[in-house]
Structure formats: C-alpha cells, structure tokens
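Chemist: Let me give you the structure first, and then I'll get to my questions.
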Amino acid sequence: MPHSANQAILADSVFRPGDDGRYLQWRENKSADARPQPGQLLVDINDPFQLSAGEKQAIAERCRRFNMAIYRLADEKVQEKQLVHALGRQLGLSALDANLRSDEDSVSSLEVRTQSGNQYIPYTNKALSWHTDGYYNRLDKQIFAIIMHCVSPAAEGGVNRLLDQELLYIALRDENPAYIEALMHPQAMTIPDNIESGKVIRAAQSGPVFMVKDNGRLHMRYSARKRNIIWRDTPHTRAAVAMINDLLADDENVVRVRLQAGQGIICNNVLHNRSSFIDSEGQKRLMYRARYYDAVAKATAMKNEK
C-alpha cells in the first residue's frame, strides 16, 4: 500500500500517534484481555472439514481478542494436508501466499530437508528468531493470517513462542509515543535484495514496522535477525528496536506452546519464534504452514454476514 494511502487510513485509527482519547479507550478494553494463557486460546474441533458454527465463532473470537487461537482435533490421526485448506476456507481465508520453498498447493511442509541454493532456516532444525511471516514481502503482499498444523512434533524441542503485536504496541507507546512514530516511518525497516547464484530473486523491501490496514487492524512486519536487516538510523528507532528485543526476551510477556500431533495455530500473523529441535529415527517434526493475505476475524465476520 502506498504511504499516502496508509496515512489516510491511519488518520481515522485508534493507533494514530497523538490521538490519546480514542487510543486510551481502546487500550483499556485490550488490557482487560492481557496476555492469554494457552488454555484460553484452545478450541476443540470435531471435524476440520466441517466446522460447527460454535467452533468458527470460538476461533474468530480468540483471534479478535488475542490475534491467535490454538486448535485441537478430536482425532489426531486426521492428518491429510487438505485439512489446512479446508480450515482456511471455512474461516474466510482464501488468498494464499505462494512463497519460496512452498509446495505446489502453496502450503509449506516444514521439515528438515536438503536445500539447493540459499538455505532457509524453517527447513532446518535450527532455532528461528522472533519475526512475523512475510516481513520481506512487498507492502501490497503482506501476510495477515497463518495456519500452522502439527502432523508430528520433534522428538525434543520445537517450542513456539507467540506475542500479540497489539500488546507490544501498547508497551512501546506507554514507554514513549515517539517510538511508535519512528516505527511507522515508511523507511523504518529495510530488507536487502535476496540474491541466489548471482541473481536477484527478490528486490529490497522498505516499509514501516507498524501499519494500520483498511479494516482498522494493526499489522506488524518485523524480524529480530541481526543480519540482512537495515534499521532507519535515528535515536528513537534504535531505542524502540532495543525495547522490542527486551520485551521478546522476557517469557513473562509471551505465550509458550509445543504443538502435538493434531494441534495447530491460527493467528493474525502474531510475533513468533521457534526453538531448535531434535528429530529421532521414529519421530520427525512435520508442520503444514499456510500463509494468507486475509485476516481471520474480519474475513470470518464478513463470511457470516452474507
């Protein structure tokens, strides 16, 4: 989205810096939810191919309040990949992101594999640092929702940590509203060219960290990587990034979950990471990941209104 268009949307948003009246009212309502416990996020699903009205409502409500939900299938042996597509469709999610290394159906099979060319950490057993998915995408191709389904956990490790981006926004704005202005700057974070075998396969992408989309929802693009990230060189930007790192390093602020077979995460692209893991001969980690250009809560509401 062009910067001018995003500014027009921001002008009528509770997230606009300087609009303390509307923001404080929203903040009071949001803070009543605070950081959820994993049990508060859990939704039991009987049949992923035919969600009940109550199951859809429960997922949508958790994504509205916390930007994330954790589901648990009644039968963990129901593992065909199409269940991810089915869940997405029933939640109003249809615009899949076909990214590098994804499968032909645009859903990625995340497992340890041999890679040619550039090595991407999701397909290794190494730890993944804090990020939101698609932070390197063009601004008109941002990832707004993710479904990640666990077919099989690793023998050891593979723990995910998650943090609602709205809670991070509150902490930063409470500390210093100038941090928000710095992170909303159109050049706040730049991802350099992605080059493979001397060829640019993705051009450099610059943009804000925090954006407000046309449905009034707060979106975040972020990576804690030390390499291949260029931050705008201002005191407020540097201080804001340092504070983000401190907040993410404190487990008191985050949700910690190790998915088991038949469980999954549905979220509005919240901040997340993954610990390293160890596969055994009889138990290898396999996750199906779908990334969407839609958001869960809005898409579900629109679908139910029809």
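Chemist: Can you tell me how many residues within segment 159-215 are of a type in the set (Ser, Thr, Tyr) and crowded, with 17+ Cβ neighbours inside 10 Å? Spell out the reasoning first.
Modeler: If we filter segment 159-215 for residues that are of a type in the set (Ser, Thr, Tyr), which is where we start, we get 169, 179, 190, 197, 206.
In the following step, the residues that additionally are crowded, with 17+ Cβ neighbours inside 10 Å were identified as 169, 179.
The number of residues fulfilling the criteria is 2.
Chemist: Val200 is checked against (1) part of a loop (DSSP other than H, G, I, E, B); (2) in contact with a strand residue (DSSP E or B) (Cβ under 9 Å, 6 or more places away or on another chain) and fails just one. What number does that condition carry?
Modeler: (1) is the only condition that Val200 fails.
Chemist: Sticking with this structure for a sec: How many residues does segment 214-241 contain that are farther than 25 Å from Arg274 by Cβ and at pLDDT 85 or above?
Modeler: Step one: list which residues in segment 214-241 are farther than 25 Å from Arg274 by Cβ, which gives 214-216, 232-239.
Still in the running and at pLDDT 85 or above: 232-239.
Here the count works out to 8.
Chemist: I've got another one for you. What do you reckon, is Leu87 buried (at least 21 other Cβ atoms within 10 Å of the Cβ), hydrophobic (A, V, I, L, M, F, W, C) and in contact with a strand residue (DSSP E or B) (Cβ under 9 Å, 6 or more places away or on another chain)?
Modeler: Spelling it out, Leu87 is indeed buried (at least 21 other Cβ atoms within 10 Å of the Cβ), hydrophobic (A, V, I, L, M, F, W, C) and in contact with a strand residue (DSSP E or B) (Cβ under 9 Å, 6 or more places away or on another chain).
Chemist: Suppose we keep only residues that are more than 25 Å from Gln90 (Cα to Cα) and touching a strand residue (DSSP E or B) at 6+ places or on another chain (Cβ under 6 Å) within segment 139-158. Which one would you say is surrounded by the most Cβ atoms within 10 Å (Cβ to Cβ)? Steps first, please.
Modeler: Filtering segment 139-158 for residues more than 25 Å from Gln90 (Cα to Cα) gives 139, 153-158.
Pick out the ones that are also touching a strand residue (DSSP E or B) at 6+ places or on another chain (Cβ under 6 Å) and you get 139, 154-158.
Working: Leu139: 18, Ala154: 23, Ala155: 15, Glu156: 16, Gly157: 16, Gly158: 21.
The residue in question is Ala154.
Chemist: Please give the number of the condition Pro186 fails out of (1) in a loop (DSSP other than H, G, I, E, B); (2) at pLDDT below 95; (3) at negative phi.
Modeler: Failed condition: (2).
Chemist: Quickly run through segment 15-39 and pick out the residues that are outside any helix (DSSP H, G or I) and among the basic types (Lys, Arg). Before you say what the answer is, go through the steps one by one.
Modeler: In the first step, residues of segment 15-39 are kept if they are outside any helix (DSSP H, G or I); the result is 15-19, 32-37.
Within segment 15-39, Arg16, Arg35 qualify.
Chemist: Still on this structure, please answer the following. Residues Tyr179, Tyr136: which one is out of contact with any Phe, Trp or Tyr (no Cβ under 8 Å at 6 or more places or on another chain) and part of a loop (DSSP other than H, G, I, E, B)? Don't jump to the end; show me each part of the working.
Modeler: Values: Tyr179 fails: part of a loop (DSSP other than H, G, I, E, B).
Tyr136 is the lone residue from the list that is out of contact with any Phe, Trp or Tyr (no Cβ under 8 Å at 6 or more places or on another chain) and part of a loop (DSSP other than H, G, I, E, B).
Chemist: Out of everything in segment 216-233 that is without any contact (Cβ under 8 Å) to a residue 60 or more places away in the chain and surrounded by 15 or more Cβ atoms within 10 Å (Cβ to Cβ), what residue ends up being nearest to the chain's Cα centre (by Cα)? Steps first, answer last, please.
Modeler: Step one: filter segment 216-233 for residues without any contact (Cβ under 8 Å) to a residue 60 or more places away in the chain, giving 226-233.
Narrowing further to those that are surrounded by 15 or more Cβ atoms within 10 Å (Cβ to Cβ): 229, 231-232.
Working: Ile229: 18, Trp231: 20, Arg232: 23 Å.
It comes out as Ile229.
Chemist: Quick test of your reading of the structure: Asn269 fulfils all but one of (1) assigned to a loop (DSSP other than H, G, I, E, B); (2) of a type in the set (S, T, N, Q); (3) surrounded by fewer than 16 Cβ atoms within 10 Å (Cβ to Cβ). Name the failing condition by number.
Modeler: With respect to (1) assigned to a loop (DSSP other than H, G, I, E, B); (2) of a type in the set (S, T, N, Q); (3) surrounded by fewer than 16 Cβ atoms within 10 Å (Cβ to Cβ), Asn269 is out only on (3).
Chemist: Please work out which one of (1) surrounded by 19 or more Cβ atoms within 10 Å (Cβ to Cβ); (2) under 29 Å from Pro177 (Cα atoms); (3) of a type in the set (A, V, I, L, M) is the condition Ala34 fails and give its number.
Modeler: Every condition holds for Ala34 apart from (1).
Chemist: Now a separate question. How many of the residues making up segment 67-88 are assigned to a helix (DSSP H, G or I) and either closer than 16 Å to Val151 by Cβ or modelled with pLDDT under 95 (or both)? Write out each step before concluding.
Modeler: Just the residues of segment 67-88 that are assigned to a helix (DSSP H, G or I), to begin with: 82-88.
Still in the running and either closer than 16 Å to Val151 by Cβ or modelled with pLDDT under 95 (or both): 82-87.
Summing the residues that are assigned to a helix (DSSP H, G or I) and either closer than 16 Å to Val151 by Cβ or modelled with pLDDT under 95 (or both) in segment 67-88 gives 6.
Chemist: Is there any pair linking a residue in segment 8-24 that is closer than 16 Å to Tyr179 by Cα and among the basic types (Lys, Arg) to one that is modelled with pLDDT under 80 and surrounded by 11 or more Cβ atoms within 10 Å (Cβ to Cβ), with Cβ under 9 Å and at least six apart or on different chains, and which?
Modeler: Arg16/Leu10
The values are calculated or read from the model by the stated rules, or taken from the named source; none is laboratory data. No experiment lies behind these values; they were computed from the predicted model shown. Note that we place each Cβ from the backbone using ideal geometry, even for glycine, and neighbour counts take in every protein chain shown.
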